[in-house]
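The values are calculated or read from the model by the stated rules, or taken from the named source; none is laboratory data. Quick caveat: nothing in here was measured; it's all calculated off a predicted structure. Every residue, glycine as well, gets a Cβ built from its backbone with ideal geometry; the counts of neighbours run over all protein chains shown. Remember, those area values only see protein heavy atoms, side chains included, never the ligands or the DNA or RNA. Shrake-Rupley method; radii C 1.70, N 1.55, O 1.52, S 1.80 Å.
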Amino acid sequence: MSRKPYVRPIPKTSWFMRQGRYKRYMAREVTCLFIGAYTAVLTVGLMRLAESEAAYNAFLTALKAPGSILFHVVAFLFAVYHSSTWFNVTHQAMPIQRGDEFVAPGVIVGTHYAIWAVVSLVVLLVAGV
């Protein structure tokens, strides 16, 4: 005689609300959608630039709309959140071994933040800000 195994009920739409780390995981996954949408906006901009000067100027005018500015601010904040959460787990995702010892997690995370700051500064300087 076979018995049915116990299957713990897990809600399909709210399982991530049980623990804080699940909420942070899902928040990070949602940020990917905004980063993808921002990539689509940049792609449209490149397409308009390839079409004509008038099409590109119309695209730039559309970017000055309040909704577009709000979208860019939200996308920027989500990009910062997405990047910082990734940097905070890089020591687990790619541990670096030197000899018999592993490099300290703080060094790996700190190096990522330092490189991010340097690249951001270079981009700002090149852009003339």
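If I ask for residues that are assigned to a helix (DSSP H, G or I) and hydrophobic (A, V, I, L, M, F, W, C), which ones from segment 80-117 would you list?
V80, W86, F87, V89, A93, V107, I108, V109, A114, I115, W116, A117
Which pairs have Cβ atoms under 6 Å, sit 6 or more apart or on different chains, and link a residue in segment 18-34 that is of a type in the set (S, T, N, Q) to one that is modelled with pLDDT of 85 or more and outside any loop (DSSP other than H, G, I, E, B)?
T31/F78; T31/Y81; T31/H82
What about T85, is it within 27 Å of A27 (Cβ to Cβ) and either at pLDDT 95 or above or open to solvent by 80 Å² or more (accessible area, probe 1.4 Å) (or both)?
For T85, the condition - within 27 Å of A27 (Cβ to Cβ) and either at pLDDT 95 or above or open to solvent by 80 Å² or more (accessible area, probe 1.4 Å) (or both) - is not met.
Out of L121, L77, which single residue is exposed (fewer than 12 other Cβ atoms within 10 Å of the Cβ) and either part of a helix (DSSP H, G or I) or modelled with pLDDT under 95 (or both)?
Just one listed residue meets the conditions, L121.
When both residues are 6+ apart or on different chains and their Cβ atoms are under 6 Å apart, which pairs have a first residue that lies in segment 63-86 and is under 25 Å from I115 (Cβ atoms), and a second that is of a type outside the set (K, R)?
That search, which allows pairs on different chains as well, returns A75/F34; A75/Y38; F78/T31; F78/F34; A79/I35; Y81/T31; H82/T31.
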